[in-house]
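The values are calculated or read from the model by the stated rules, or taken from the named source; none is laboratory data. Note that this is a predicted model, so its numbers are computed, not measured. Ideal geometry is used to build each Cβ from the backbone, glycine not excepted, and the neighbour counts take in all protein chains shown.
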Amino acid sequence: MSSAKTPRSVISQLSDLKSGEKATFFALLAEKTKNSTRDGKAYFICRFRDARRTATMMVWADSDFIKDCEEEWIAGGFYKIHGAYFEHEKYGPQIEIDKIRPVEKRDEQEGFDIGEYVKKSRFDSEEMFRELIELVRRHVATPALADLTVGLLETHSQAIKKLPATQRTYYPFQGGWLEHTLSVTRKALRLAHDYHENYPDSKPPINVELVVAGAALHELGRIGELALPELPTDPVNQTTDGRFYGHLILGRDMLREAARNHPDLDPMLLKLLEHMLLTYLTLPEWGSPRLPLIPEVLILHHADDLDAKMEMYVRCLSGDAATGEFTDRDPVLGKQLFKGRTV
């Protein structure tokens, strides 16, 4: 007499579910916050996510899950969930859980992969890094400056390929530093060439290779400011030095230290590059310790600022689930964006 095998559950992706759909899926418990109602009863706000969607689960005092949630559910843990996904008109993506348990080793046979829960760049980090190095080699004509710039990038390549550009503001995901830096370098190069041609009589002329080197290294100090987490799904935190000094000063110090191995580099060129790293934010309230004194910084500043803000706008518009013509208020941008256009 043969026994029937229990069929495997069909695994879905949280980010693929439509409102009202019930399914089995894996999710990371990204956040668990305890609160109390007016009458003193405890409840929890739990936010589960995959790499592309975050949904909220409210666990009230009378829920069957309240004891497990309080005592056993761990923020940063992975769970296999069977439940319904829906989109609330006011509160956005929500889930109602029927069954939940921690992910186990056997779940890998059903497709669980921790790498799928890491928010990361759309582009391959190895390819982006190669292109950044090629841009420097192609457009920085002074050998000592090119060697200094490439050397810094290659020395810190492993961190560069994994770091976000910032913790929460722009490009806040794995590979964000590299995607942002490559994009800024491309834009700054085009602007530098344009202004070099538009102002042929400028004395001194716009230094294109200085702009490229400065763009490639402008956020170098993030390597010392941000600590890579032990697990790729853990949050990225600031280091002590990052909180003390910030990435501008840390980047200048890293540049100055590396330049000791390049005694043939023109001291003035190094001084100008240091000035770019220290002042590209341009304003004291944005963290710049000094105001920019050369036009190359102006080019870098606007390429950087535009690239950062465009990523923030696109991420807000792409990830918003609010109904109506406007997004929910974005906490970083500090405003709502209009999305009701037809052209």
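Once the range 235-249 is narrowed to residues that are more than 17 Å from the chain's Cα centre (by Cα) and in contact (Cβ under 8 Å) with a residue 40 or more places away in the chain, the residue that is surrounded by the most Cβ atoms within 10 Å (Cβ to Cβ) is LEU248.
What about ALA216, is it closer than 30 Å to GLY115 by Cα and either among the hydrophobic types (A, V, I, L, M, F, W, C) or surrounded by fewer than 23 Cβ atoms within 10 Å (Cβ to Cβ) (or both)? Yes; evaluated as a whole, the condition is true for this residue.
One residue stands out among those in the range 199-214 that are in contact with a Phe, Trp or Tyr (Cβ under 9 Å, 6 or more places away or on another chain) and of a type outside the set (Val, Ile, Thr): the one that is modelled with the highest pLDDT, which is GLY214.
Here LEU298, LEU273, LEU306 are screened, and the one residue that is at pLDDT 95 or above and within 23 Å of THR155 (Cα to Cα) is LEU273.
Yes or no: the range 126-144 includes at least one residue that is in the same structural domain as MET276 (by TED's automatic domain parsing), part of a loop (DSSP other than H, G, I, E, B) and under 30 Å from VAL314 (Cα atoms). No; the residues of the range 126-144 include none that is in the same structural domain as MET276 (by TED's automatic domain parsing), part of a loop (DSSP other than H, G, I, E, B) and under 30 Å from VAL314 (Cα atoms). Would you mind stating whether LEU293 is assigned by TED's automatic domain parsing to the domain that holds GLN174, outside any helix (DSSP H, G or I) and not basic (Lys, Arg)? Against the criterion (assigned by TED's automatic domain parsing to the domain that holds GLN174, outside any helix (DSSP H, G or I) and not basic (Lys, Arg)), LEU293 qualifies. What do you reckon, is LEU298 assigned by TED's automatic domain parsing to the domain that holds ALA216, outside any loop (DSSP other than H, G, I, E, B) and within 24 Å of the chain's Cα centre (by Cα)? Judged against the criteria, LEU298 is not a match. All of LEU265, LEU333, LEU306, LEU255 fail the test of being assigned by TED's automatic domain parsing to the domain that holds PRO200 and part of a loop (DSSP other than H, G, I, E, B), apart from LEU265.
Reported count of residues in the range 51-69, each being closer than 16 Å to GLY92 by Cα and not in a strand (DSSP E or B), is 2.
Of all residues in the range 33-45, those that are in a strand (DSSP E or B) and either under 22 Å from the mean Cα position of the chain (by Cα) or over 17 Å from PRO102 (Cβ atoms) (or both) total 7.
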